[in-house]
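Take a look at the structure set out below.
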Amino acid sequence: MRERQPSVQVGVFDQDRQSLKDARVRLESDQVGGKSYDLSWDGSRRCYFARGVDLGSYRLLAERDNEREEQRVEVRSAGLRTVVLLNSRRLPFLYRGPVKTPFERQPDLFAIALDENMPNQGLTKLSMVAEQEHLSCELSDWNGRPPRHARVFRFACGTSADSRTRITQRLAEIGGVHRLGPLVHFVAKDSISCLTDELVVRFRPGTTRAQIRDFVQRGDLTILRKLTVTENVFVFRLPSPPCYEMLDRANELARCDLVAYAEPNLISIGRDDAIDRSASSRTVRPTDFLFPMQWHLARIGCPEAWQVMYDEISPDRAMGSPSITIAVVDWGIDVDHPEFAGRLSNGKPKVCAVFDFHNMQPHHRGRAHGHGTCCAGVATASADNDGVCGVAGNCRLMAIRRPEGLMATETAYSDMYLWIAGCDPLSPRPDFPKRLRRGADVISNSFGYAAGLPISGLMKDTFELLAERGRKGRGVLLFFSAGNNSMQDFTLERPWAASDRTLAVTASTLGNGGSTETRASESSIGDAYPMLDFCAPSATALNGAYDPPKSWAIITAADRCSSDPDHNLQPNAPARCSVHTTLSDDAAKGEQAPAVVSSTGFALGQFVLIGRPGSEGAEFNQIAAIPDGTHLQLRDTTRNSHSAGTPVAAGRAEALHSFSGTSCATAVAAGVGALMLSACPRLKWSEVRDILRDTAVKIDSTGQWRDVDGARYSSWYGFGRIDALAAVKAALARRTFWADAAARAARVLRLRRCGAADT
């Protein structure tokens, strides 16, 4: 699985993002007399491949028929993984790092960003103007609603240029509306990317200040700031406002010999991807009320892994070390939720840092979506506090709201990630937070950004910095969701997940009544080896409730914000039940007003659990009315039959029984990564990756498995479904190795000191 020599892997795609197998790919050295290499299609890796390539600078050439693309690349000790996009239709293009990326112009579409605090009357006026001007709204999420921070409108057929100017000006006059630049990527139910008037430029090593000044003058550029992700990276402002024509200037600058890359600083708006063992029979079993229904924890061996940590490390670190921090980057987190409001085994608060990079505020009061709370609950909800339990419940939580809308430039994301990792991006913003004393060890990212485009040079440099300098040189663990695009390859749809410095996670689930593991139907695939790292448990289908054996959603903490626009993420399960009764009579399947011993204490709107947690047929419902003292009127008819004496419990709605998608799977994997670092903090990020790959379970023998260099790899599952127990055991073995090595070194030092004293 691990390459012993530097290898080069190149994916070649057409302008429709379809992988090509009939191209000619070649590396030509920039050095006089240097070697050249022909890359051939590798059917097992599903990419063009060469091993044993000398380190250095090359021109990468890809050809097919009359199409030809070239880019400058660098082969390092870790090898090279990149993509080439051919452009047979001669579409306009922009650079993403060294990759020329063709796109379709969208002259009939225009995008706007909306302020976070835009009042309802502003939204109403926006809708009214759109209707009056016959604009159709083209961007929506998977619920069919426009995203909170953006709109994409299409002009009516035949609208003149003057009318278009008038319409966009009319919209811009509405308070809280901001016109975005032209679209360079657009998928109606997924994401958009828009031009700004900013250009991110990285100069080649050895470029002098005088050469940079001359470059700025010749390009009529304005220096905005210097970035800290690597040497010689700057943000410039172009002299013209955002327009398609400005790309000619940007692309000309990118071809300068002094430049490693020059790329537009895009604003992108995406979506969240929400959606029998050999161990000892002893297991740590949390006392949380809903823990017996959290099937995913048992499936990956968490109770056994916690027990091993209990035995080998410490009882108070069984569910992770309070010295390890998981950052959840999302829409914000309900940090006052009981699952995050307590303290860890060392007495310190669960939440170590909170920042809203959308509103630039040190809190999450501006959140309006429950997705982040659900992800944080899966990864690190506290144990033994009556609700649910996370994979690494004793690890600290860093709660981050990511930039959206007008704030969502790539420089803003780069600054955010550097800050999370404990670095100082030297942001010029006066409201940027002060540098952290200690950065995060694990970052969980359940969303897509710049979908449909290759990774930018800036974000590639950002992730390389986090992998090389984060955690005191050991590297931050960056988990990214692969997306919920069904059988579509995620390489270009989730470019950050496809980076060789990040860990890409897709979703598995249970099928056939829970006896086998299979692919979650919406989860994306990773065709090229080893683009997809592994899978983790999630739901049978997006929006599916916890309803075994038909649907296997995951139960987690829910955001208690009642204004969440997504009803699928609103609380729908009692986590702390204070009211209990039992059925006084048998209740048939389809019952809507079951008879109970007493309805005293129950209230209208409460969520209830009928059945003991984890028992067959247990199900959730909601009280629609209380007709008398011995009946409860339910909102929905019961899905299962229940006998007299079955318990019925109700309490505060602080949980969700319908979390799903690769969002959920990514949070599971991030929690396992935190457990591994708790077991052995000295692990490098690449060692964690290799252990997770090596110990992953090869589920579903029909799941597109193939052999590559002695490793089993699946387009559906990567290297398999993560195994918390096996991964923690492997991490503990590394811990023992380091402890033994330290003891040997100490003995040698003592002997040397004794010898010196004797002489």
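Explain nothing, just the number: dipole magnitude of region 403-528 about its Cα centre with +1 on each Lys and Arg Cβ and -1 on each Asp and Glu Cβ, in debye rounded to the nearest 20.
Its charge dipole is roughly 660 debye.
Out of region 542-634, which trypsin sites (Lys or Arg not before Pro) are coil in DSSP terms and have no more than 15 other C-beta atoms within 10 Å?
Hits after loop and neighbour filter: Lys550, Lys589.
Under 14 Å from the Cβ of Ser345, count the other residues' Cβ atoms, weight Lys and Arg +1, Asp and Glu -1, and hand me the total.
+3
Starting from the Kirkwood radius over alpha-carbon pairs of region 565-647, derive D by Stokes-Einstein at 10 °C in a medium of 1.306 mPa s and give it in µm² s⁻¹.
Once the numbers are plugged in, D ends up at 123 µm²/s.
So how long is each side of region 432-541 along the principal axes, counting just the alpha-carbon atoms, biggest first, in Å?
Principal extents (Cα only, largest first): 50, 28, 27 Å.
About the Cα centre of the chain, what is the dipole size in debye to 20, counting +1 per Lys and Arg Cβ and -1 per Asp and Glu Cβ, all else neutral?
Around 2460 debye, computed over the chain.
Tell me the mean residue ellipticity at 222 nm calculated for the chain from its helices only (DSSP H runs of n ≥ 4, each -39500 (n - 2.57), averaged over every residue, nearest 500).
Mean residue ellipticity, 222 nm, calculated: -7000 deg cm²/dmol.
Would you mind telling me the share, in percent, of accessible area of region 93-213 contributed by carbon and sulfur at probe 1.4 angstrom?
Ligands and nucleic acids excluded, carbon and sulfur reach 49 percent.
In the structure displayed, which of Lys348/Lys684; Lys125/Lys350; Lys434/Lys472; Lys348/Lys434; Lys100/Lys698; Lys434/Lys729 lie more than 31 Å apart, Cα to Cα?
As for pairs spanning more than 31 Å Cα to Cα, those are Lys125/Lys350; Lys100/Lys698; Lys434/Lys729.
What number comes out for the charge environment of Phe602, summing +1 per Lys or Arg and -1 per Asp or Glu over other residues with Cβ under 14 Å away?
The answer is +1.
Once the whole set of protein chains is in place, how much accessible area is left on Leu224, using a 1.4 Å probe, in Å² to the nearest 10?
For Leu224, the solvent-accessible surface is approximately 60 Å².
Within region 329-413, which trypsin sites (Lys or Arg not before Pro) sit in a loop by DSSP and count at most 14 neighbouring Cβ atoms inside 10 Å?
Arg365
Using a 10 Å cut-off on Cβ atoms, rank the peptides 172-184, 13-25 from the highest mean neighbour count down.
So the peptides 172-184, 13-25, ranked by packing, come out 172-184, 13-25.
Straight distance only, please: which lysines reach the Cα of Lys589 with their own Cα at less than 16 Å, same-chain residues fewer than 8 apart left out?
Lys550
What does the convex hull of the alpha-carbon atoms of the chain project to on average, in nm²?
Dividing the Cα hull surface by four gives the mean projection, 38.9 nm².
Positive end of the charge dipole of the chain (Lys, Arg +1 and Asp, Glu -1 on Cβ, about the Cα centre): tell me which of Val476, Thr695, Trp496 has its Cα farthest that way.
Among Val476, Thr695, Trp496, the one farthest towards the positive end of the dipole of the chain is Val476.
Could you do me a favour and compute the accessible area per residue for the chain, 1.4 Å probe, result in Å²?
39 Å²
Name the residue from Leu465, Leu266, Ala558 whose Cα lies farthest towards the positive end of the charge dipole of the chain, charges +1 on Cβ of Lys and Arg and -1 on Cβ of Asp and Glu.
Selected residue: Leu465.
State to the nearest 20 debye the size of the charge dipole of region 495-568 about its Cα centre, where the only charges are +1 on K and R beta carbons and -1 on D and E beta carbons.
Computed about the Cα centre, the dipole is about 120 debye.
For the charge dipole of the chain, defined by +1 on Lys and Arg C-beta atoms and -1 on Asp and Glu C-beta atoms about the Cα centroid, which residue among Phe620, Cys256, Trp716 has the Cα displaced farthest towards the positive pole?
The Cα lying farthest towards the positive end belongs to Cys256.
Share of antiparallel DSSP beta bridges in the chain, in percent to the nearest 5?
Counting only bridges with both partners in the chain, antiparallel ones make up about 75 percent.
The values are calculated or read from the model by the stated rules, or taken from the named source; none is laboratory data. Fair warning: this is a prediction, and the values are worked out from it, not measured in the lab. FYI the Cβ positions are ideal-geometry reconstructions off the backbone, even for glycines, and counts take in every protein chain you see. Surface areas here come from the heavy atoms of the whole protein model, side chains and all, with no ligands, DNA or RNA. Shrake-Rupley method; radii C 1.70, N 1.55, O 1.52, S 1.80 Å.
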